[in-house]
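Chemist: Sharing a structure, written as structure tokens. Questions coming.
The values are calculated or read from the model by the stated rules, or taken from the named source; none is laboratory data. Worth saying up front: this structure is predicted, and the values here are computed from it rather than measured. Cβ coordinates were reconstructed from backbone atoms using ideal geometry, including for glycine residues, and neighbour counts include every protein chain displayed.
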Amino acid sequence: MAPFTPLFIDGQQVPASDNGTFNVYNISTSTVVGISASASSADCTAAVEAAGRAFKTWEKTTPYARRDIFLKAADLASSAGWRDLIIQATMEEMNSSLAWAAGQHMEAAPLIRTIASFANDLTGKTFMSSSVPGLQCVMEQRAMGVIFGIAPWNAPFGLTLRALATPIMCGNTVVIKSSEYSPRTQALAVQLFHEAGLPNGVVNYISMSRESSPALTAQIIAHPLVRKINFTGSDRVGRIIATEAAKHLKPTVLELGGKAPAVVLDDASIPDAAKAIVFGAMLYSGQICMSTERVIVQRKAAEPLIAQIKSLTASLTATDMQGESSKNAKLGPLFTEGSAENVIAMLTEAQAAGTELLLGDLARQGAVVQPHLVKDVKPGMRLWDRESFGPVIAFAVVDTPEEAVELANASEYSLSASLWTCDMYLAQRIAPLIRAGYTNINGPTVHAEHIVSIAGLGGSSGYGHFGIDDFTDKRVVATHPLGRQFPFLQ
């Protein structure tokens, strides 16, 4: 029998109040791998109100008390029992490879421990007024209240941790909404912190069917207790979330799409660049917001770089992750058959527009798409302009570093980039010109440090970090001296 994932409200696992459920399917076999509670309107209200009640006491806990819970959660996440739970749920719900699921587990404890260290940074400052003699100001970083977090399916455990961890470390309370594709994996992130000693109501978890999600999401955003929303996902849905939040003048953190460029200059280490580009483009079949989707290479380096990338990529085969032959598979299927259809459509359009297909068959088998390499892709083509979320590398050849920067910035996206050169003086001059939240010199685009999260610079990549400044308010208490003189009351 398929496992059941309940809601988690005010420290209790509960079914939906109207007993609503939905099925969770394996994307390759269409078999049911789980059944999830589907929250009702009353459940959503209950989750927000539980978080509101918990905030009154959680905000007053010391940062070091919160840190101790985080360190306990990190220790639990490192245990064999939790490792097996996380990996099994990820593989079953997402049909991912063992390597991808294991990587999700391996990142958990370091992420939690890094955010635990934020306890040392939750400080304020005191300063004297610049205009009123004797007036003293105390600026504090204070928790905001209830945070509504929406985490996606592609890295379900890790991104759910990120959506809740910094907010609660800062003294907020949280309502987490899962993707309808990965409720069991995402619920584990909440259960982990509860087992570590998080008080009831500090984190509440809800899941809901695809059909009910738009209306219920809008309901939660509109609730007066909800102070901020964080969302990770597509730019299409991000715009909807931002619109709903704007109706109530509520701030958001939006980590959306990517179209990461790798800029390779003539003096680059070609073997290193080729390996990092293939890794960044093909990891999880390109279904990562930081995936390398565009390679902009200077002309002298183009032929050897493309040859090495083609050789490395040709050795990779995507499978449906079913059967014995898939146990050691490096590439799995795309998220849905619709995702695969979209990737093939983008490739077909690009070929019709005059690009050169270097590798790939322009076909899909269900949700499985083999790696594709395409040369002479240009702005204006959908393959250049829009995130593919597939195992695709688009090449453009340029003559100068300045031309490479111009093409790298010819995009609505701005999450991540890489720059390849052995001249560090040139790297330090060129890297700041690339418009990206993270620019990796001689490294893959799929990289970010836990202490400073990946973040877009607006547009289709969104904006905001998962850091202290994004989940606290700077509040000032000004103590005025008695006996002040006021001009028109002399």
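Chemist: Please enumerate the residues belonging to segment 109-126 that are assigned to a helix (DSSP H, G or I) and among the basic types (K, R). Give the derivation first.
Modeler: Initial filter on segment 109-126 (assigned to a helix (DSSP H, G or I)): 109-121.
If the condition is that a residue be assigned to a helix (DSSP H, G or I) and among the basic types (K, R), then R113 is the only one that fits.
Chemist: Please go through segment 439-482 and pick out each residue that is in contact (Cβ under 8 Å) with a residue 60 or more places away in the chain, among the polar types (S, T, N, Q) and in a strand (DSSP E or B).
Modeler: T472, T479
Chemist: Right, another one. What is the one condition in (1) more than 18 Å from V295 (Cβ to Cβ); (2) surrounded by 19 or more Cβ atoms within 10 Å (Cβ to Cβ); (3) modelled with pLDDT of 95 or more that Y413 does not satisfy?
Modeler: It fails just one condition, (1).
Chemist: Output yes when any residue across segment 77-89 is surrounded by fewer than 14 Cβ atoms within 10 Å (Cβ to Cβ) and within 23 Å of V202 (Cα to Cα), and no when none is.
Modeler: no
Chemist: Mind listing just one residue for me: the one in segment 350-376 that is in contact (Cβ under 8 Å) with a residue 40 or more places away in the chain and under 27 Å from the mean Cα position of the chain (by Cα) and, of those, surrounded by the fewest Cβ atoms within 10 Å (Cβ to Cβ)?
Modeler: G366
Chemist: Just one of L347, L283, L359 is of a type outside the set (V, I, T) and either farther than 30 Å from E255 by Cα or touching a helix residue (DSSP H, G or I) at 6+ places or on another chain (Cβ under 6 Å) (or both); which is it?
Modeler: Numbers: L347 fails: either farther than 30 Å from E255 by Cα or touching a helix residue (DSSP H, G or I) at 6+ places or on another chain (Cβ under 6 Å) (or both); L283 fails: either farther than 30 Å from E255 by Cα or touching a helix residue (DSSP H, G or I) at 6+ places or on another chain (Cβ under 6 Å) (or both).
Of L347, L283, L359, the one residue that is of a type outside the set (V, I, T) and either farther than 30 Å from E255 by Cα or touching a helix residue (DSSP H, G or I) at 6+ places or on another chain (Cβ under 6 Å) (or both) is L359.
Chemist: A follow-up question, please. Out of all the residues in segment 100-116, is one or more of a type in the set (D, E, K, R), under 30 Å from T319 (Cα atoms), touching a residue at least 40 places away in the same chain (Cβ under 8 Å) and buried (at least 19 other Cβ atoms within 10 Å of the Cβ)?
Modeler: No, every residue in segment 100-116 fails to be of a type in the set (D, E, K, R), under 30 Å from T319 (Cα atoms), touching a residue at least 40 places away in the same chain (Cβ under 8 Å) and buried (at least 19 other Cβ atoms within 10 Å of the Cβ).
Chemist: Among the residues in segment 9-19, are any modelled with pLDDT of 95 or more, surrounded by 18 or more Cβ atoms within 10 Å (Cβ to Cβ) and either of a type in the set (S, T, Y) or not in a helix (DSSP H, G or I) (or both)?
Modeler: Keep residues of segment 9-19 that are modelled with pLDDT of 95 or more, which gives 9-19.
Restricting the remaining residues to those that are surrounded by 18 or more Cβ atoms within 10 Å (Cβ to Cβ) gives 9, 16.
Okay, now just the ones that are also either of a type in the set (S, T, Y) or not in a helix (DSSP H, G or I) (or both), so 9, 16.
Yes: one or more hits.
Chemist: Say we look at segment 431-490 and pick out the residues that are surrounded by 12 or more Cβ atoms within 10 Å (Cβ to Cβ) and among the charged types (D, E, K, R); which of these is nearest to S285 (Cα to Cα)?
Modeler: R435
Chemist: Could you list, ordered by first residue, the pairs with Cβ atoms under 7 Å in which the first is in segment 26-50 and among the hydrophobic types (A, V, I, L, M, F, W, C) and the second is buried (at least 19 other Cβ atoms within 10 Å of the Cβ) and in a helix (DSSP H, G or I), at least 6 apart or interchain?
Modeler: V33/E92; V33/E93; A39/L216; C44/L216; C44/I220; V48/I220
Chemist: Let me ask you something else. Being of a type in the set (S, T, N, Q), more than 26 Å from Y25 (Cβ to Cβ) and not in a loop (DSSP other than H, G, I, E, B), is that true of even one residue in segment 314-336?
Modeler: no
Chemist: With the requirement that a residue be among the small types (G, A, S), part of a loop (DSSP other than H, G, I, E, B) and within 30 Å of R364 (Cβ to Cβ), what does segment 20-51 give you? If you could, list the steps in order and put the result at the bottom.
Modeler: Quick first cut of segment 20-51, residues among the small types (G, A, S) only: 20, 28, 30, 34, 36-42, 46-47, 50-51.
Now drop any that are not part of a loop (DSSP other than H, G, I, E, B), which leaves 20, 28, 30, 38-40.
Selection gives S28, S30.
Chemist: Across segment 271-309, which residue is farthest from L383 (Cα to Cα) among those that are aliphatic (A, V, I, L, M) and assigned to a strand (DSSP E or B)? Can you show your working first?
Modeler: First, the residues of segment 271-309 that are aliphatic (A, V, I, L, M): 273-274, 276-278, 281-283, 288, 290, 295-297, 301-302, 305-307, 309.
Still in the running and assigned to a strand (DSSP E or B): 295-297.
Details: V295: 12, I296: 14, V297: 17 Å.
Only one residue tops the list, namely V297.
Chemist: Here are some conditions: (1) out of contact with any helix residue (DSSP H, G or I) (no Cβ under 6 Å at 6 or more places or on another chain); (2) buried (at least 18 other Cβ atoms within 10 Å of the Cβ). A65 meets all but one. Which one does it not meet?
Modeler: So the condition that A65 fails would be (2).
Chemist: Going by what's in this entry, would T313 be described as at pLDDT 95 or above and surrounded by fewer than 19 Cβ atoms within 10 Å (Cβ to Cβ)? Let's see the steps before the verdict.
Modeler: Values: at pLDDT 95 or above: yes; surrounded by fewer than 19 Cβ atoms within 10 Å (Cβ to Cβ): no.
Against the criterion (at pLDDT 95 or above and surrounded by fewer than 19 Cβ atoms within 10 Å (Cβ to Cβ)), T313 does not qualify.
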